[in-house]
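**Student:** Take a look at the following structure, please.
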Amino acid sequence: MRASRFSLLALVSALASIVAGCEQSAQLPMTTLAPKSDLGEAIHHLFLEVTAWDALIFVIVIVAFTLAVFVFSTRAGEAAPPSQASSDLTLEVAWTVGPALVLLMISIPTVRTIFRSQPEVAPKGSLEIKVVAHQWWWEFDYPDGHKTANEMHIPTGQPIRLRLESADIIHSFWVPALGGKRDVVPGQINHLTFIANTPGDYPGQCAEFCGLSHANMRFRVFVQTPDDFAMWQKEQLAGPATPLPNDQLAVQGAQYFATSPCTACHTVEGVSKGYIGPNLTHFGSRTTLAAGVLKNDPADVAAWITDPQKIKPGAYMPALVLPGPKLNALVAYLESLK
Amino acid sequence: MSDAAEAHIEQVHHPGATTYLIVAAFLVVLTAMEVTVFYVHALRPVLVPLLLILSAAKFALVAMFYMHLRYDGTLVSGIFIFPLAIATFLLITLVLLFGYLSHHLAPIINLGGG
Amino acid sequence: MAAQPKPLPIFQPNYLEGGGLLGWLTTIDHKRIAVLYMATALVFMAIGGIEAMLIRVQLWEPNNTFLSAGTYNELFTMHGTTMIFLVVMPLLIGFFGNFMIPLHIGARDVAFPRLNALSFWMALVAGITLHLGWIRGGLPDAGWFGYANLTERYFSPTLALDWWVVGLLISGTSTILSAVNFLTTIITMRAPGMSYMRIPMFMWAMMITSILILLAFPPLTVGLIFLLLDRFFGTHFYVATAGATPILWQHLFWLFGHPEVYVMALPGFGIISEVLPAFSRKPLFGYPMMAYSIVLIAFLSYGVWGHHMFATGMGPVADSAFAITSMLIAIPTGIKVFSWIATVWGGSLRMTTAFYFALAMVLEFTIGGLSGVMHASAPVDLQQTDSYFVVAHFHYVLFGGVMFAILAGFYYWWPKVTGRLFSESIGKWHFWLTVIGFNVTFFPMHFLGMWGMPRRIYTYAPDLGWTGLNQLETVGAFVLGVAFLLFYINIYWSLRYGEKAPADPWDGRSLEWSVASPPPVYNFALLPNVRGRDAWWILKYGRAGSRGVAAYVAGQPPKPPEPEAPVDLSHVHMPPPSIFPLVVSLGVGLMGLGLIVGWYRIILIGGIVTIMSIIGMGFEYKDYGQAVHDPEHAPSSGGIDVRKVGVWCFLGSECVFFASLISTFIVYKSRSIGAPGAEILEIPLTSFSTFILLMSSLLMVLALAATQRGDKVWERIWLAGTVFFGLIFLSGQAYEFTHFYHEGMGYTTNLFSQSFYTLVGFHGAHVAIGVLWLSVLLVAAITGRLGKSRALSIELAGLYWHFVDVVWIVIFTLVYLMQTVHGA
């Protein structure tokens, strides 16, 4: 009976932790349990439905198990003879048909959700964004021509159609708040379609193992009201900010950047045309750096330029060892690219 | 032992040279038909089903007579036919799955070689 | 006594004694091989466990720098690969399967004892190969699933994945050989009266598992071969820029990978189905349904692999189909869980450690099964796949289900294997710490997954709320570590100080408890005559009805086993030990090593060693190929020689191998870029080749007919003819290949060329092996070593030869004649 008390304790604490977990989780940045899009809500709804059925079956199993082990059996040495029953048609039919019915209940909404969440063509009026996954960063190409990296802005209320492509190997696009993940497969175009419903800043991450810095392939999605989004888009469509003449450091940095090795891989509209690395035209307007690993502030930018491999092992960006003043100038220029 | 006796009888059950020769004749004729089907233009629309039937017939002849499935009882037939069914299922499913994917190809950059 | 031919010493005490080191190296006794499997698996289990704890240390806090990203990737790759291929499968199939199959069905050994030894040595070579990255190139680091195209040379340039590819190929071959062996054994060597509905449930599990292996490993082999070709020979099987798709790897891998889950789970279910009845004093509840549910699970498992790929964009139709088939598996699985509970219900429970583990397994596995239903629901899976939720799920299945079953099996069968009892008190500690450690480690992972933590990340940001649970899990992992330390201590304690085990310490139900602990080399002096399910229980107490129970309750001692000695053992023929399995494995290992380090002389040496020792093995016994059906050795074969059944099992596996190659060809033909395409194929030449191959089959059967008549002259002529025609076919192929090459179709020119050459080339390699096999037989025929009594030798070679022929019939139609037809 010591065992039964122990398992009861374990069960109660497990249940308590489940309840506590669910309450806490709504606030976590990457939780799947507080969906902020129609797709996320559909999935969450289905998840709750399946979980409820699962819980029912689990309770039945636990009760049956407890009765079998602790109530309707004896211990060796006790006088009662063991039953020798080895079959019971009613029971066996029951535990075949019962689960089958439960599965039927689960499979109908499952199939319905599958078909609803994967429209063959983009819904009317949708914003189509091309997402290109690279080892280890994300590129977002907007239909009107501007590109950003690792930070995607989308409006609420408008259908979003992501066209997922890979530049190298398989990655997986996952923003838990906005719905399930979709793999990004080289040679194949996948889509993810959803409507975001709550403005906010939602972190995402690559979910398919993609080599050394898989853990550092993060990004953020900024869901904005349509007005805010329009404003953002307008800023992005404008060319890069030129440093103000009184910002001596940034002006120096601009001169240096134009002739630096950076231009081989990075684009700043009107300055350089590299395409291996992220587009830096509006670098200063981003909140993060290095695929969401660092905050976009001068110290972190300098640290990144000086030793990218330390921050993101395997990164293809070479380290750039610069004397202090030059580095500061470059950082100031980059930060000025609002 | 009666089992042992059975084992010796089993050997005798195998057909003789005549049967083998007749089967061979069928195999040759069926192959000739396959090749003919391939070259006759009028048969193009039914090429796939015809070829499948003809080659299935050849397959069955070799398996049943040369591999003695017809004589060795259901046990070995089962051991062969079940995997064969799985293999066929696998082949058809994979072709269908990739058929769907072929509508979602990304533009391809050809890297030399070809 | 003296007049009898080489009797085994009657007083030979047990299988563990005698022979020395050489005895173990050359052993072909299934029990010794089982012990070898166990010993190696326990070593690898320690390695895999330490890898897991290092992983947990790294995840203790955000931005931890305890391990580098590269090391972390190596560790989780090797943890998965080790636990699956080098621990769980060797323990379930190599150890429990090997040890118990002959004992459970009442046989003296497995059908092919030397093949059994070969499986073990190859498994060992594979395990070592997988770890040789320590010396050069680094450990494999692309995950146990090794998703293409990360595994291409371009993205993973070091030797690390080369070790992985070669190691897994060798391991897969070893496993397929085991499966052929075990399936044949269970089909043909059951003791008189041991019908399919009387074998222990563990035997059902092993039988169906063997079928699963035979049909599931070939796709993995094909996938690995493509990867090997890509990495070493410049093909583009997974390179998108050449028109190929890395998704092909996922399909081939999960075609193996999902059945593989049941390859691990079914034997676990089998063990639980033995342990629960034994300690509940009740027959297994619903035996027929339990057996059918195993069959159904296995059958369905071929149709569900896509549920690992819901996120890859297979389209709504495929998603729905895979979702529904995956859910269906829950039905037979539910039957098992409920039947186990019903088995315990009303029993007289003996609360041993083995029983504890078995009971715990029922609950832990149920949790894993229920979260599996969530994954079957494709949209839900899109949030859960590749997150820690999945890590929680499969650890509840593979640890909570399978590892608990393995531990239950250890505590249950250890006395039989070693003749010593475990310490029950260390055992109970081991049990409770395992349960606590396991749940503390893995239950919180459900939440981490729902909170968005992806798998396989070596570091995470501090502001995501994942830290607390990660630390809890790390604590749990160390509790689990202590638990397993206790397990190893218990093993040591038991071997050193453990109480000597009686033959039947648990008052067991199946036949292994009727022989001494540890069993004698020959297992059963007299093959048992089986009168029902729970064969040994019936022998002890009479039929399973009230009389047996009454006797048990009244405390009557069971009837003592039939006296073992002095039984006349002159009729027992145990095959002599053989060094060839070890040598073959060394040869195979050398070939792999030579390929990886690029030292081609080593490949050549390895190849020669392998081929020569296989031929040596073929002629090692004087009675090779003799069609003397000995009911003593194959009582339930229905008159068909065991070797024939074995060859057929192998051919069944080959069907799936070629199906994987042919599907790839069909799919890639339509995705190939640029010329040449299928129009390059020449029908007249190939029609002639086809004719030649068909005629060689005719000559083959004529040779068999001649042998069966005892006609030695025509036997030689027809055999020589078959070899000759095989050579003509091969020359035709050589001509065809050179011709294509001169027309500009190199091996790696495009998808068409590489899949064509690979498919047809592998068929050609099969023909070449057939020619070699027949040539050896021809030499034997000419030197007068064949003849009527050894017709079976020719028949077996013939089966293989005709199979190669039917594969060609398929290739000729699908590849050559349908050249104008493109896939959907």
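The values are calculated or read from the model by the stated rules, or taken from the named source; none is laboratory data. These numbers were taken from a predicted model, which means no experiment stands behind them. When we count neighbours, we look across all protein chains shown, and the Cβ atoms used for this are built from the backbone with ideal geometry, even at glycine. These area figures cover heavy atoms from the full protein model, side chains too; ligands, DNA and RNA do not enter into them. Shrake-Rupley method; radii C 1.70, N 1.55, O 1.52, S 1.80 Å.
**Student:** Answer rounded, prolate or oblate for the stretch A:46-100, using the Cα gyration tensor with square roots of eigenvalues a ≥ b ≥ c: rounded when a/c is under 1.5, else prolate when a/b is larger than b/c, else oblate.
**Tutor:** Since a/c reaches 1.5 but b/c is at least a/b, the shape of the stretch A:46-100 is classed as oblate.
**Student:** Hey, can you list the DSSP H helices of chain A whose Cα span along the axis is 24 Å or longer and whose average Kyte-Doolittle score is at least 1.0?
**Tutor:** A:38-66, A:89-117
**Student:** In debye to the nearest 20, how big a dipole does chain C give about its Cα centre with +1 on each Lys and Arg Cβ and -1 on each Asp and Glu Cβ?
**Tutor:** For chain C, the charge dipole is close to 1740 debye.
**Student:** Here's something else I'd like to know. Measure off 7 Å from each Cα along the Cα-to-Cβ vector at residue A:62 and residue C:134, then give the distance between these two points in nanometres to one decimal.
**Tutor:** 4.4 nm
**Student:** Keeping all protein chains in place, calculate the accessible area per residue for chain C (probe 1.4 angstrom), answer in Å².
**Tutor:** 30 Å²
**Student:** Another one. Using θ = phi - 60° and the Karplus relation 6.51 cos²θ - 1.76 cosθ + 1.60, list the HN-Hα couplings for the stretch C:167-180 in order, rounded to whole Hz, with x at every Gly or Pro.
**Tutor:** For the stretch C:167-180, the Karplus-derived couplings read x, 5, 4, 5, 4, x, 4, 4, 5, 4, 4, 4, 5, 4 Hz, x marking Gly and Pro.
**Student:** Please give me the summed charge of the neighbours of residue C:423: other residues whose Cβ is under 11 Å from its Cβ, Lys and Arg +1, Asp and Glu -1.
**Tutor:** Overall, the nearby charge balance is +1.
**Student:** While we're here: Tell me which lysines have Cα within less than 21 Å of residue A:312's Cα, excluding those fewer than 8 residues away on the same chain?
**Tutor:** Straight-line reach from residue A:312, under 21 Å: A:295.
**Student:** Any chance you could look up the accessible area of residue C:197 with a 1.4 Å probe, heavy atoms only, rounded to 10 Å²?
**Tutor:** 60 Å²
**Student:** Take peptide A:168-179, look around each residue's Cβ out to 10 angstrom, count Cβ atoms belonging to other protein chains, and average those counts.
**Tutor:** 5
**Student:** Report Rg(Cα)/(2.2 N^0.38 Å) for the protein assembly as shown, keeping two decimals.
**Tutor:** With N residues counted in the protein assembly as shown, Rg over 2.2 N^0.38 Å equals 0.97.
**Student:** Express the carbon and sulfur contribution to the solvent-accessible surface of chain A as a percent, rounded to the nearest whole number, probe 1.4 angstrom.
**Tutor:** After summing per-atom areas, the C and S share lands at 65 percent.
**Student:** Kindly identify chain C as rounded, prolate or oblate by the Cα gyration tensor criterion: order the square roots of the eigenvalues as a ≥ b ≥ c, call it rounded if a/c is under 1.5, otherwise compare a/b with b/c, prolate if a/b is larger, else oblate.
**Tutor:** Verdict is oblate for chain C.
**Student:** Which sequence of C:262, C:154 reflects their accessible areas, 1.4 Å probe, from the largest down?
**Tutor:** If we order C:262, C:154 from most to least accessible, we get C:154, C:262.
**Student:** Taking amide H positions as placed in the peptide plane 1.01 Å from N, state which residues far from residue C:349 in sequence (5 or more) or on other chains have amide H under 5 Å from it.
**Tutor:** Close amide H contacts, sequence-distant or interchain: A:74, A:75, A:76.
**Student:** Quick one: which residues, 5 or more positions from residue A:34 or on another chain, have an amide H under 5 Å from its amide H? H modelled 1.01 Å from N in the peptide plane, none for Pro or chain starts.
**Tutor:** The answer is none.
**Student:** Find the sum over both chains of the accessible area lost when A and C are paired, probe 1.4 Å, and report it in Å² to the nearest 100.
**Tutor:** Adding both sides of the contact gives about 7900 Å².
**Student:** Do any of C:31/C:416; A:124/A:338; C:416/C:644; A:130/C:669 go past 21 Å between their Cα atoms, and which?
**Tutor:** A:124/A:338; C:416/C:644; A:130/C:669
**Student:** Which of the residues in the stretch C:224-241 lose at least 20 Å² of accessible area when you go from the chain alone to all protein chains together (probe 1.4 Å)?
**Tutor:** Correct list: C:240, C:241.
**Student:** Here is a follow-up. Antiparallel versus total DSSP beta bridges in chain A: what percent is that, nearest 5?
**Tutor:** Around 70 percent antiparallel, to the nearest 5.
**Student:** Highest mean first, how do A:136-147, C:526-537 rank when packing is the count of other Cβ atoms within 10 Å averaged over residues?
**Tutor:** Taking the mean over residues of other Cβ atoms within 10 Å, the ranking is C:526-537, A:136-147.
**Student:** Out of the total accessible area of chain C (probe 1.4 Å, heavy atoms of protein only), what percent is carbon and sulfur?
**Tutor:** Taking all protein chains in place, chain C shows 71 percent carbon and sulfur surface.
**Student:** For peptide A:108-116, how many partner chain Cβ atoms fall within 10 Å of a residue's Cβ, on average?
**Tutor:** 6
**Student:** While we're here: Nearest 100 Å² is fine: how much accessible area is buried between C and B, summed over both sides, with a 1.4 Å probe?
**Tutor:** Chains C and B together bury approximately 6100 Å².
**Student:** Applying a 10 Å radius around every beta-carbon, put C:386-392, A:294-300 in order of their mean neighbour count, most first.
**Tutor:** C:386-392, A:294-300
**Student:** A further question follows. Among A:225-231, C:130-136, A:41-47, how do they line up by average Cβ neighbours within 10 Å per residue, starting with the highest?
**Tutor:** Listed from highest to lowest mean packing, they are A:41-47, C:130-136, A:225-231.
**Student:** Something else now. What is the sum of charges around residue C:813, taking Lys and Arg as +1, Asp and Glu as -1, for the other residues whose C-beta is under 11 Å from the C-beta of residue C:813?
**Tutor:** Counting the neighbours of residue C:813, the net charge comes to 0.
**Student:** For every helix of n ≥ 4 consecutive DSSP H residues, a contribution of -39,500 (n - 2.57) applies; sum these over chain C, divide by its total residues, and give [θ] at 222 nm rounded to the nearest 500 deg cm²/dmol.
**Tutor:** -21500 deg cm²/dmol
**Student:** First check a/c for the stretch A:43-145, with a ≥ b ≥ c the square roots of the eigenvalues of its C-alpha gyration tensor; if it is under 1.5, answer rounded, and if not, answer prolate when a/b is larger than b/c or oblate otherwise.
**Tutor:** Here the stretch A:43-145 falls in the prolate category.
**Student:** What does the net charge come to around residue A:252 if you take all other residues with beta carbon closer than 14 Å to its beta carbon, with K and R at +1 and D and E at -1?
**Tutor:** Charge balance in the 14 Å sphere: -1.
**Student:** If amide H atoms are built 1.01 Å from N in the plane of the peptide, which residues on other chains or at least 5 residues away come under 5 Å of the amide H of residue A:294?
**Tutor:** Amide H neighbours of residue A:294: A:289.
**Student:** Something else about it: Setting aside same-chain residues fewer than 8 positions from residue A:36, which lysines have a Cα under 17 Å from its Cα?
**Tutor:** Within the straight-line limit of under 17 Å, residue A:36 reaches these lysines: A:181.
**Student:** Could you pull out every one of the aspartates and glutamates with an alpha carbon less than 17 Å from that of residue B:58, ignoring same-chain neighbours closer than 8 positions?
**Tutor:** B:34, C:805
**Student:** Under unit Cβ charges (Lys, Arg +1; Asp, Glu -1), what dipole magnitude, rounded to 20 debye, does the stretch C:657-817 have relative to its Cα centre?
**Tutor:** That gives the stretch C:657-817 a dipole magnitude of about 540 debye.
**Student:** If you count only protein heavy atoms with a 1.4 Å probe, what accessible area per residue comes out for the stretch A:248-336, rounded to a whole Å²?
**Tutor:** Dividing the accessible area of the stretch A:248-336 by its residue count gives 47 Å².
**Student:** If you don't mind, another one. Evaluate the charge dipole of the protein assembly as shown about its Cα centre and quote only its size in Debye, nearest 20, assuming +1 on the Cβ of each Lys and Arg and -1 on the Cβ of each Asp and Glu.
**Tutor:** 1860 debye
**Student:** Tell me which of A:115, C:120, C:635 sits at the most positive position along the dipole axis of the protein assembly as shown, charges placed on C-beta atoms (Lys, Arg +1; Asp, Glu -1).
**Tutor:** C:635
**Student:** Using a 1.4 angstrom probe on the protein heavy atoms only, could you order A:273, C:788, C:416, A:326 from most to least accessible area?
**Tutor:** Result, largest first: A:273, C:788, A:326, C:416.
**Student:** Averaged over A:84-93, how many beta carbons belonging to a partner chain fall within 10 Å of each residue's beta carbon?
**Tutor:** 6
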